[in-house]
1. Can you tell me the 0 to 90 degree angle between the C-alpha axis of helix 77-89 and the longest principal axis of the chain, rounded to 10?
2. Relative contact order, percent, of region 37-161 when contacts are C-alpha pairs under 8 Å separated by at least 6 residues?
3. With bins 5 Å wide starting at 0, give me the P(r) of region 7-163 over every alpha carbon pair, in whole percents.
4. On a 0 to 90° scale, report how tilted helix 102-124 is relative to the longest principal axis of the chain, with both axes built from alpha carbons and the result rounded to the nearest 10.
5. Most fluctuating residue of 117, 29, 146 in a GNM of the chain with Cα springs under 10 Å: which is it?
6. Cα centroid distance between region 111-163 and region 8-62, in Å?
7. Taking the mean number of other Cβ atoms within 10 Å as a proxy for protection, how do you rank 69-79, 50-60, 87-97 from highest to lowest?
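FYI, it's all coordinate maths here, none of it is from the lab. All values derive from a computational prediction rather than experimental measurement. All Cβ positions, even for glycine, are placed from backbone atoms using ideal geometry, and neighbour counts span all protein chains on display.
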């Protein structure tokens, strides 16, 4: 048992040594963006339109705090991502082997996120968090008619929904 724990910790520390720089880059980006703008998402910052992953950070924080229904409301895909990460972690760290079926499962996860995103954008954009339009975005600052174009898109979506 002690040998197995040592093997697992060695694999974890090897990955931290090899990929730890990505955590540093992520942290620097996070701090930098929050000093300048309110939102973390690059797509939201640029276009004002939320991405397929918008709400994941909040959903993960809700899950950590035990607020499972709030996480489900904000971003249900967080549960699938956690399941995928646990699946990958089991093979990589516990079994010490390649992750079986990684590519097809990853593709299914991404496709699921995109399908779910399109459906939720059609149903909720821009009236429900996290599917809201951020008026203060880079394109709106640089293209004079951009906010007007987005407002007409939002109006069209609302009329399709019967609002």
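1. Rounded to the nearest ten degrees, it is 20.
2. Values: 104 pairs, mean separation 38.6, N = 125.
That works out to 31 percent.
3. Using 5 Å bins, I get a P(r) of 2, 8, 12, 15, 17, 17, 12, 8, 4, 3, 2, 0 for region 7-163.
4. Its long axis makes an angle of about 20 degrees.
5. 29
6. 23
7. Values: 69-79: 17.6, 50-60: 20.2, 87-97: 13.5.
Top of the packing list down: 50-60, 69-79, 87-97.
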